[in-house]
1. Sequence neighbours fewer than 8 away in the same chain don't count; with that in mind, list the lysines whose C-alpha is under 23 Å from LYS210.
2. If one takes the longest principal axis of the Cα atoms in the chain, at what angle in degrees, from 0 to 90 and to the nearest 10, does the Cα axis of helix 40-49 lie?
3. Taking the alpha-carbon distance from LYS127 and a cut-off under 23 Å, which lysines remain once sequence neighbours fewer than 8 residues away in the same chain are dropped?
4. So which GluC sites (Glu not before Pro) in segment 53-160 pass both tests, a DSSP loop state and at most 14 other Cβ atoms within 10 Å of the Cβ?
5. At 1.4 Å probe size, with no ligands or nucleic acids counted, give the accessible surface of TYR57 in Å², nearest ten.
6. Any chance you could list the semi-axes, whole Å, largest first, of the equivalent ellipsoid that the Cα gyration tensor gives for segment 114-256, using √(5λ)?
7. Over the chain, how many percent of alpha carbon pairs lie in each 5 Å bin up to the one with the longest distance?
8. Please state the relative contact order of the chain as a whole percent: Cα pairs under 8 Å, 6+ residues apart?
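The values are calculated or read from the model by the stated rules, or taken from the named source; none is laboratory data. Not measured: the values here are computed from a predicted model. No Cβ is skipped: glycine too gets one built from the backbone with ideal geometry, and neighbour counts run over all protein chains shown. For accessibility, only protein heavy atoms count, side chains too; no ligands or nucleic acids. Shrake-Rupley method; radii C 1.70, N 1.55, O 1.52, S 1.80 Å.
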Amino acid sequence: MRVKITCYASVWKNSTILTSSLGKALVPSVETIRKIMYKEKNFIQVLHRCGWILPKYQKFVGNVTLLESYGIVGSQLSMLLKRQSRLFVAPQSTLKNYILRAVDMGFNENSRMLVHALHTISGLSSKTFRRKLELIQSFGFSKDESLYMFKRCPNLLRTSEKKLKVGMEFFLHTVMLPKSALVHRPMILMYSIQDRVVPRYKVLQLLISKNLCKKVPSYVYLLCLSEEMFLDKYISRFRKNAESLLVAYKGHHLEA
């Protein structure tokens with residue numbers, strides 16, 4: 001029943017669907033989407049949002065075949081369809097060019113990272129992509145180092161230039177992290193500055209000033225802990241100082 005309602009909604013939003021062949025385009029497209037989106041909830045969601053794909057079955061299935069030939073299958077394919085659905089009806093030459101750009105940058109076919117690189121590359125103009133790499137290099141990183149950071153964390157370049165700059169300045173100039181730490185853990189540049197990066201640095205400074213840890217943890221280690229583990233190991237554990245540590249960590253929320 002939900003599929004029928006969603007199909008009606010898709011038709012209402014994309015009335016040109018009514019001019020397409022039911023047997024040659026619409027039904028095969030729905031069946032292809034169902035095979036990719038093996039979870040019912042995701043299938044319904046994509047069908048509702050991407051009804052405009054349905055009349056373009058030949059292009060759609062051709063691009064699915066191309067993606068699968070490079071090892072983008074299963075959950076990777078479903079993730080891409082949810083997040084970058086327009087890729088599935090792009091000219092095949094365009095899609096292949098995006099894939100080959102990722103391969104040329106060192107992403108291997110059949111690797112789990114290729115789909116993330118494709119997601120980023122296809123979502124940015126060449127100019128914006130290059131500008132973000134140059135922003136990283138402006139902080140003293142080589143071209144090879146900036147590309148290595150992209151390979152380690154393809155989602156990095158989907159981060160805004162403002163956030164990249166603020167993060168770079170904080171980690172390199174305030175925390176004084178060695179550049180190698182960012183080269184090998186570029187994902188920390190994607191963490192929230194307000195809710196994670198600065199508060200955990202304040203907690204670390206307090207732990208050091210009160211001499212609470214026999215062995216002071218590295219800031220990067222502390223930063224990468226889950227919220228639950230961080231609170232357990234570095235807030236709740238120190239009962240006598242828990243309140244001041246929590247204020248250091250959550251104070252910006254209390255002030256708001």
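1. LYS210 reaches LYS202, LYS233, LYS240, LYS250.
2. Long axis of 40-49 versus the principal axis of the chain: about 70 degrees.
3. Correct list for LYS127: LYS96, LYS143, LYS151, LYS162, LYS163, LYS165.
4. Numbers: sites: GLU68, GLU109, GLU134, GLU145; in loops: GLU109.
Answer in residue order: GLU109.
5. 50 Å²
6. Values: eigenvalues 207, 45, 35 Å².
Taking √(5λ) for each Cα gyration eigenvalue gives 32, 15, 13 Å.
7. Calculated over all Cα pairs of the chain, the distribution is 1, 5, 11, 13, 12, 11, 11, 10, 9, 7, 5, 3, 1, 0, 0 percent.
8. Working: 223 pairs, mean separation 28.1, N = 256.
Worked out over the chain, it gives 11 percent.
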